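The values are calculated or read from the model by the stated rules, or taken from the named source; none is laboratory data. Keep in mind that this is a model prediction, so the values were computed, not measured. Counting neighbours? That spans all protein chains shown, and the Cβs are built from the backbone with ideal geometry, glycine included. Side chains are part of the model used for accessible areas, which takes the heavy atoms of the whole protein and leaves out ligands, DNA and RNA. Shrake-Rupley method; radii C 1.70, N 1.55, O 1.52, S 1.80 Å.
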Amino acid sequence: HEENIVNGTPEGNFEPEKSITRAEFVKMAVSASPLKESATDSKLYVSLFPDVKNTYWGASYIHAAVNGKLINGYLDGTFRPNNQVKLEEAVTIVLKLLGYNSEDFLSPYPRGQLAKYKSLSLDTNITAREGDNLTRMQCMQLLYNALSTKTKQGQVYCTTLGYKTGSDGALDYN
């Protein structure tokens, strides 16, 4: 299946070492979730944030992610879609995809989220540390790792998207 979770640049290149914005990661995360159906490329009539107009390319994905409680804006009311996504931001979104919320973490943000990220082995093949901007490859690896990770409810995440797993619990590509 072509899920369009990760697309190349407008020039048609993958550029795995290129950093990725908050808006780009939100699009990837929503595309790897049941929320993708609500994130059509149709035009929105309301702007959720002053820095994300309803005509912005990623507005429908940001809207779906906010409505799906994957992400919030900043305390000043902005979203900052063009900021580079940091490890802890991406991890928090992925943990929310897996059914976790802030009440599930004993330590304050981002320590609790990063501890869960490590305990679930979501960090496999990712060397980034807290505060690091993520590359396209690291974001893709994080979402790939999530597909074979058990949700808070105990099912392998990819099965919530209609995929099957092999006997090892990993995504079955057949």
Square roots of five times the C-alpha gyration tensor eigenvalues of segment 93-173, ordered largest first and given in whole Å, equal 22, 16, 10
At most 11 other Cβ atoms within 10 Å plus a DSSP loop assignment makes a site exposed; report the longest stretch of the chain without any exposed GluC sites (Glu not before Pro).
18-174
Looking at segment 62-133, I'd like the Rg to Rh ratio, where Rg is from alpha-carbon atoms and Rh is Kirkwood's inverse mean 1/r.
0.95
Expressed in nanometres to one decimal, the distance between label points 7 Å along Cα→Cβ at THR55 and ARG111 is 4.7
If the cut-off is 17 Å between C-alpha atoms, which lysines fall inside it for LYS27, apart from same-chain ones fewer than 8 positions away?
LYS18, LYS36, LYS43, LYS53, LYS69, LYS86, LYS96
Structure-based [θ]222 nm, the chain - -39500 (n - 2.57) summed over DSSP H runs of at least 4, per residue, nearest 500:
-8500 deg cm²/dmol
Segment 90-174 accessible area per residue, 1.4 Å probe, protein heavy atoms, integer Å², reads 55
Gain on full stretching of the segment that runs from ASN101 to ASN133 - 0.36 nm per residue minus C-alpha separation
9.3 nm
Express the carbon and sulfur contribution to the solvent-accessible surface of segment 15-163 as a percent, rounded to the nearest whole number, probe 1.4 angstrom.
52
Which FRET efficiency value, to the nearest 0.05, do you get for GLN84 and SER167 by plugging their Cβ-Cβ distance into 1/(1 + (r/R0)^6) with R0 = 45 Å?
0.70
